[in-house]
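Heads up, the thing below is written out as structure tokens.
The values are calculated or read from the model by the stated rules, or taken from the named source; none is laboratory data. Just so it is clear, the model here is predicted, and its values are computed rather than measured. A quick note on method: Cβ atoms are made from the backbone with ideal geometry, for glycine too, and the neighbour counts reach across all protein chains shown.
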Amino acid sequence: MIRSTHTRREFIRNSAVAGTMAALRPTTTSFAGPLAIASKNGLGAVARAVEEINQGADALDAVIAGVNLVEEDPDDLTVGYGGLPNAEGVVELDSAVIHGPTCRAGAVASLQGIKYPSRVAKVVLERTDHVLLVGDGAQQFARTHGFTQEDLLTNQARELWVQWRENLSNRDDYLPPHGPDDVDLGEAIMRNEEHWGTIHCSAIDLQGNISSVTTTSGLAFKLPGRVGDSPIIGAGLYCDNEVGAAGSTGRGEANLENCSSFLIVERMRMGDSPQDACIYACERITQNTHLARLKNDENEPAFNVSFYALNKHGDVAGARIRGAGQMAVADQNGARLIEMAYLFE
Ligand code: ASP
């Protein structure tokens, strides 16, 4: 079902999110944290980020400490250690960080064998004249700076990859377990929501400074070398200390084509609330989706993208292209999940 702009905006106004936004809005125009937002898998991450901020940490160190919890979690199949591998069974990680007060960024893409790509991205920011390192160069750089190389493929992720490989086609030599009478083997396993995922986290520290991080193992079973939106400044995250921050999870190709996170921050600069800015980016992707294979019978994008945003005043919100969803937020009152708005059922 398509929600008209009018209906949708009323939905937003009436939603639980709007209530949460009001509760988070301070009486002054500039908000001094702690405040952190993240994708739904970041409930622990935002709690950790706020804990760090309360102890005096800079927002960038706080968000990195937060997402490290997910990067090292073997049970999150979409980030860091335990992330689903590429088509060849190799885990390749993407991450970027932005430090609002100094307008600096660092990123790594297609990084193999290093558990904490967000930490490597921060070292790129601090100790190079570059923003983005990829592949072998990124790994070499990480090792130079003392990061340990390790096998990131867990048994759980390896088994899922083998299942995907066996069911990809019945015309190749990889087949799922079968008996003498089975004919129809290898009904393709489509990528579903479980095969997407990433963590984005943005925060405001006690000085009112904003920083962001996005970190992921990217699209499950991707082509080796495929880079998504997460390590690309302006696509998978953006942060402007004077305005706010935005980040995303979901189909990275859509964000690469639409510079979505940059778009959200610029919309907030022009006066949009975080929620309206996130919805605007969902609408922009919808308008720019022309390929039939990416649409459903209702002519809507058949894929999902989720956005998370906060502004300088401490307002937070998120929106998705498809269906209800939640995001994580933490402030002085603790960490919780809040509802996100959406364009299509
Ligand atoms: N955005 C990520 C990528 O395209 C994946 C995801 O969030 O699911 O690599």
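On inspection, residue 121 passes the criterion of being away from the ligand (no atom under 14 Å from the Cβ), at pLDDT 95 or above and within 20 Å of residue 247 (Cα to Cα). Would you say residue 217 is among the hydroxyl-bearing types (Ser, Thr, Tyr), crowded, with 24+ Cβ neighbours inside 10 Å, within 16 Å of the chain's Cα centre (by Cα) and away from the ligand (no atom under 14 Å from the Cβ)? Against the criterion (among the hydroxyl-bearing types (Ser, Thr, Tyr), crowded, with 24+ Cβ neighbours inside 10 Å, within 16 Å of the chain's Cα centre (by Cα) and away from the ligand (no atom under 14 Å from the Cβ)), residue 217 does not qualify.
Of the residues making up region 289-301, those that are within 16 Å of the ligand (Cβ to nearest atom) and surrounded by fewer than 18 Cβ atoms within 10 Å (Cβ to Cβ) number 1. Among the criteria (1) in contact with a Pro (Cβ under 9 Å, 6 or more places away or on another chain); (2) touching a residue at least 40 places away in the same chain (Cβ under 8 Å); (3) surrounded by fewer than 19 Cβ atoms within 10 Å (Cβ to Cβ), the one residue 254 does not fulfil is (3).
When residues in region 321-339 are screened for being surrounded by 24 or more Cβ atoms within 10 Å (Cβ to Cβ) and under 15 Å from the mean Cα position of the chain (by Cα), 4 of them pass. Residues in region 330-345 that are part of a strand (DSSP E or B) and out of contact with any helix residue (DSSP H, G or I) (no Cβ under 6 Å at 6 or more places or on another chain): 331, 334, 336, 337, 340, 342, 344. Being modelled with pLDDT of 95 or more and over 17 Å from the mean Cα position of the chain (by Cα) narrows it down to one of 14, 41, 54, so name that one. Result of the check over 14, 41, 54: 54.
Checking each residue in region 56-97 for being among the hydrophobic types (A, V, I, L, M, F, W, C), surrounded by fewer than 24 Cβ atoms within 10 Å (Cβ to Cβ) and touching a residue at least 40 places away in the same chain (Cβ under 8 Å) picks out 57, 77, 87, 90.
Considering every residue within region 283-302, establish whether at least one is modelled with pLDDT of 95 or more, among the basic types (Lys, Arg), in contact with a strand residue (DSSP E or B) (Cβ under 9 Å, 6 or more places away or on another chain) and within 28 Å of residue 211 (Cα to Cα). Checked region 283-302: no residue is modelled with pLDDT of 95 or more, among the basic types (Lys, Arg), in contact with a strand residue (DSSP E or B) (Cβ under 9 Å, 6 or more places away or on another chain) and within 28 Å of residue 211 (Cα to Cα). For residue 267, which of the numbered conditions (1) without any contact (Cβ under 8 Å) to a residue 60 or more places away in the chain; (2) within 16 Å of the ligand (Cβ to nearest atom) fails to hold? It fails just one condition, (2).
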